[in-house]
1. In the range B:496-526, which residues are within 11 Å of B:Tyr485 (Cα to Cα) and β-branched (Val, Ile, Thr)?
2. Look at B:Val203 and say whether it is crowded, with 22+ Cβ neighbours inside 10 Å, at pLDDT 95 or above, touching a Ser or Thr at 6+ places or on another chain (Cβ under 7 Å) and in a helix (DSSP H, G or I).
3. Scan the range A:129-141 and give yes if some residue there is within 16 Å of the chain's Cα centre (by Cα), free of Cβ contacts under 8 Å to residues at least 60 places away in the same chain and more than 28 Å from B:Gln69 (Cβ to Cβ), otherwise no.
4. May I ask you to verify whether A:Val95 is of a type in the set (A, V, I, L, M, F, W, C), closer than 25 Å to B:Gly419 by Cβ, more than 7 Å from chain B (Cβ to nearest Cβ) and part of a strand (DSSP E or B)?
5. Report yes if some residue within the range B:326-346 is over 35 Å from the mean Cα position of the chain (by Cα), within 30 Å of B:Val678 (Cα to Cα) and without any contact (Cβ under 8 Å) to a residue 60 or more places away in the chain; otherwise report no.
6. Going through the range B:659-685 one residue at a time, which ones are more than 10 Å from every other protein chain (Cβ to nearest Cβ) and part of a loop (DSSP other than H, G, I, E, B)?
7. Among (1) away from chain A (no Cβ under 14 Å); (2) more than 24 Å from A:Gly39 (Cβ to Cβ), which single condition is B:Ala280 missing?
Amino acid sequence: MSQFKLTVNGQSHEVDVNPNMPLLWVLRDKLKLTGTKYGCGIAQCGACTVHVDGAPVRACVLPVSAVAGAVTTIEGLAADGELHALQAAWIEHDVPQCGYCQAGQIMSAAALLAAKAEPSDADIDTALAGNYCRCGTYVRIRKAVHSAAIAYNAAKSAKGA
Amino acid sequence: MSRFTLNRRDLLKASSLAGGGLLLQMTLPTSVLAAEERALVRSKELNVYVEINPDGQITIYSSIPEMGQGIKTALPMVIAEEMGARWEDVKVLEAPLDQKKYGLQGAGGSTSIPRNFDTMRRMGASAREMLIGAAALLMEVEREDLEARESQVFHTSGESRTFGQLAALAAEQPVPDPEYLTYKDPRAYTIIGTTVSSVDNLVISTGQSKFGIDVDVPGMQYASYTRCPRVGGKAVSFNASDIKALPGVTDAFILQPDDRAGKAAMVFLEGMAVLRGGVAIIGEDTWSVLDAKRQLQVEWDYSDASEDSWTQMMADAKRIAAAGGGEVLLGEDGDDGVDAALADASHQSLEAFYQFPYVAHVCMEPMNCTADFRKGSNGEADTLEIWLGSQFPGQVKEIAQNMLGVAPQNVKVHALRMGGGFGRRAIHDFATEAMAISHHADVPVKLTWTRTDDIHNDFFRVGGFQNMRAAVSADGKLAAWDQHYIGFKYPDRFTVGSGLRGNELPFVAMDNARVSQTMMDLATPCGAWRAPGSNTNAFVEQSFIHELAELAGRDHVEFLLEIMGSPRWVKPGDVNALNTGRAADVIKLAASKSGWGRQMPAGKGLGLAFYFCHAAHVAEVAEVTVNADRTFSVDKVTVAVDVGPIINRSGAISQVQGSIVDGLSTMALQIITMEGGVIEQDNFHEYEVMRIAATPEIDVHFIESDNPSTGLGEPALPPLAPAVTNAIYAATGERIRSMPLSDEGFKLV
């Protein structure tokens, strides 16, 4: 067991855990942030996607000892009391079916939008290639990402102005 | 804890800002949860589904488990419609498990809509009449001059009262006699048939939705369970001292197989939910018990264990197909018209052997269950509290009684949203494990399956084979049909999904047909997998009909419509029987919307399939591109569906889109094999699910016939596989008679 300091969704935490414990289980079992999901444990399905310093990572294979940066989970994506444009688009386009994979989908898409203002279908396919949806909501995910991109850019330029 | 909570009404207020195609960011209010809970206490119950707050908020309870099929949105829409409520005022909550109050609280077989539609309408109409009764008293007017709409009751004079103002008095009104209730004219519907975003989308999109795997109970331990890799085996010993010494591990022990839980009132669940022998590990967190699981060394007793072999099954099936025969289910064996037509020298005949594999459910949320068994002290009865995602949560009480002897009234079941079901969560083997572990360890435990546990211990979609023979006459008509199903059964019971359903085309619509089956013994657990039976029978039958159309030199649509014959209902009045008129309508619509008959460029093809199941008539046309290197893509799927009037248009299209993706994913990529009783696929690297890039354009059309509304969770899946293989044939001339396509050298891109 070792002590680790983590910044998650802007809050600092100290946890005393096995250094090999993947970030996923620290978030879920220790910090009780269960929005990030377990799906496979081998970085194949993307249900556990979170951001470390803005980059999407698979929390199920990232040992807590290797976390070098601020962690953002689905619970922390909405900032300053406002839904992220993707979350609003997910609702507007009625994307989820069972909903289990959607936190991972949204986190992967959020990293894409931060990097690319107007993603093409191909950009979306690449950015979300690591995220399974067993219910088959892919058609709506594409639509929602495109529609969120417009809102996201509008909000960004409004803030910049 | 979550930082904020939104309710539906706040969301919809926010959504209404978002018109004009430009989506604005929504402003989140501060937490309103506590206030909501206080308000609920004061709310007035009109019936077990409907409560109204004095502030006008309407709470509608959803009694059917939600697994992504959208039932939690669709059924409350029916109640709200009949009440005259505004959807914006409605908040949907899950009803507790209470089957005395709510009837069967189960989800399976695409039956939730047809089973509950009339009840929902009645509940809505009943609540509306109580509100009108209250308004008549308050306003001192005649009931006949009152109308409920937009969450208010209006008098012909223009005077009105809100539902909130009427709630208290309405709750004291006599409950109307259902016989005298009247229902809205469907042409006046303002909610049914519209496009509604699912009621839980906000909590899902913000990571606040609670699935079974997210349960956290005070004092609970975390558990893993390792079953014998060959079903039927049991644990003899394991490296207990090593495991117990690992950090974070508190205990580890063997559980013996226990089939008492398998006793089930529902026929299709009988014998399924048994406790398999294995080793339980409990500890302080999920990681510790999963890490310890990897270090387990178990000596297994294989004396009663499965020896199933997919290689052997394939060889046996080919031998059985060649020998012919089998138990005749329809038509006659021996010298009848079928044999004569097949032997007729003026006919062209064809024989084809089809194969379909075992596949797994792989719900995105692996199986899990939290159980808290408490031994009664001082003569008190034992109790069990349990949390899980389940398609039939009432089953859990049966299991607790049969396995642990806990009386049903002492079992409290918390049924949570399911991260996928597809038939898997109809069987509660994972609940037997959590119960047994809590019972043994005397602590509340949360059992989490690894993905490997989830694949190895699935109740698979059963694999199988069909040997098809048929003849077409010189004038190109179907003259004989001989279908030999080669499937599986358990020594003491049938295997769900193996065999023919009796509803299949073409034999229900023709005279000269024989259907037979030969069932081989099976040990591997199999169960319901989205459209059981139909999902493989459609592939065989609808491919073979296309083969015969090609043999006869006929257009596929025209040949299929000819087989269908004149419009008629095979069993008049029975929604579960094929209606050839409705079938022809969806076939024609799918053909016309897809541009059937147009000249396709090289390497591209259109393929058609129709299937009837779950009271739904569905036709699909797939448009594919096949490249020289045998990579292929499905560019577009056009779907025509008749399930009667649509309730939630968004949810209905969602189910069709999902069925297309699921059908494609399965037929292109998925196979479970077993050798020596051991399942050979361990995780997603060996059992792939289709990724976003391969998603086709999906064009959905509904024929809203005057039949009752029926379910859409399953019936759009079966036609997809044959539509795709028929399209590949059209593009390449190559006939595919075995799934998955990855094993036939085709790679989905």
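1. Of everything in the range B:496-526, those that are within 11 Å of B:Tyr485 (Cα to Cα) and β-branched (Val, Ile, Thr) turn out to be B:Val515, B:Thr518.
2. For B:Val203, the condition - crowded, with 22+ Cβ neighbours inside 10 Å, at pLDDT 95 or above, touching a Ser or Thr at 6+ places or on another chain (Cβ under 7 Å) and in a helix (DSSP H, G or I) - is not met.
3. Among the residues of the range A:129-141, not one is within 16 Å of the chain's Cα centre (by Cα), free of Cβ contacts under 8 Å to residues at least 60 places away in the same chain and more than 28 Å from B:Gln69 (Cβ to Cβ), which makes the answer no.
4. no
5. no
6. Within the range B:659-685, B:Gln670, B:Ile671, B:Thr673, B:Gly676, B:Gly677, B:Glu680, B:Gln681 meet the criteria.
7. (2)
Let's see how each residue does on (1) more than 11 Å from chain B (Cβ to nearest Cβ); (2) assigned to a loop (DSSP other than H, G, I, E, B); (3) modelled with pLDDT of 95 or more:
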{"site": "A:Lys32", "(1), (2), (3)": "no, yes, yes"}
{"site": "A:Gly41", "(1), (2), (3)": "no, yes, yes"}
{"site": "A:Ala47", "(1), (2), (3)": "no, yes, yes"}
{"site": "A:Val57", "(1), (2), (3)": "yes, no, yes"}
{"site": "A:Leu86", "(1), (2), (3)": "no, no, yes"}
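The values are calculated or read from the model by the stated rules, or taken from the named source; none is laboratory data. The shown structure was predicted, so the numbers you read here are calculated from the model rather than taken from an experiment. Here the Cβ is made from the backbone with ideal geometry for all residues, glycine too, and neighbour counts use every protein chain on show.
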